[in-house]
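Below is one structure; the comments refer to it alone.
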Amino acid sequence: MLYLQNLANNFHPNNMLIAILRVFLLIQLFLVYPLVAFVVRSDILVLVAKNVVIGYKQIVFINSFLMSICICFAIFIPSIGSIIRFSGSLGGAALVFLLPCLVKLSMLKTEGKLTPLNTAIHVIIMILGLANLIAQFLI
């Protein structure tokens, strides 16, 4: 979405196709936030409430809390590129380096095949991934 917005900035503002593109981006924003908020709210309620049936007050409280977090980010970090950079790099590091190593170590432990050498190799991979995550913000 950010790329389409940057692409749209390269064209003349009176271009009709770019105006249509911006309308579709606005529609996308209106549709994506409620879906993401629903997923986050569902996960929070499963962790906290431990049941499916909840009241209207809890839903309003969680929605207000999520909206407050989003508004604080918009006020204090107005550059969406920075937020995408940090969250994308953190998520990428977890997805590429941390989670596969942790799953493999868990499988080896369950099978009874976990050795100190396997543990050391996987821990080194996770440390290198963490160093890569930190280095991309320093260089």
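Every number in this text was worked out from the coordinates using simple rules, so none of it is lab data. If you're wondering where the values come from, they're calculated on a predicted model, not measured in any experiment. Cβ: placed from backbone, ideal geometry, glycine included. Neighbour counts: every protein chain shown.
Grab the Cα-Cα distance for Ile27 and Asn14, subtract it from 0.36 nm times how many residues apart they are, and report the gain in nm with one decimal.
Contour length minus the Cα-Cα distance gives 2.7 nm.
Please say if segment 80-139 is rounded, prolate or oblate, where rounded means a/c under 1.5 for a ≥ b ≥ c the square roots of the C-alpha gyration tensor eigenvalues, and otherwise the choice is prolate for a/b larger than b/c and oblate otherwise?
The shape class here is oblate.
Identify which of Val123, Val96, Val48 has the largest mean-square fluctuation in a Gaussian network model of the chain, with springs joining Cα atoms closer than 10 Å.
Among Val123, Val96, Val48, the largest GNM mean-square fluctuation belongs to Val48.
Using alpha-carbon pairs under 8 Å, 6+ residues apart, how would you state the relative contact order of the chain in percent?
16 percent
Would the chain count as rounded, prolate or oblate if I go by the C-alpha gyration tensor, calling it rounded below 1.5 in a/c and otherwise prolate when a/b exceeds b/c, oblate otherwise?
oblate
Which one, Leu35, Gly81, Ala49, is farthest towards the positive end of the dipole of the chain when Lys and Arg carry +1 and Asp and Glu -1 on their Cβ?
So the residue we want is Ala49.
For the chain, what does the helix formula give at 222 nm: sum of -39500 (n - 2.57) over DSSP H segments with n ≥ 4, over the residue count, nearest 500 deg cm²/dmol?
-27000 deg cm²/dmol
Let me spell out the model: positive unit charges on the Cβ of Lys and Arg, negative unit charges on the Cβ of Asp and Glu, origin at the Cα centre of the chain. What dipole size does that give, in debye rounded to 20?
Approximately 180 debye in magnitude.
Check each of the trypsin sites (Lys or Arg not before Pro) in segment 42-104 and keep only those in coil by DSSP with at most 10 other C-beta atoms within 10 angstrom; list them in order.
Here the sparse-neighbourhood loop sites are Lys50.
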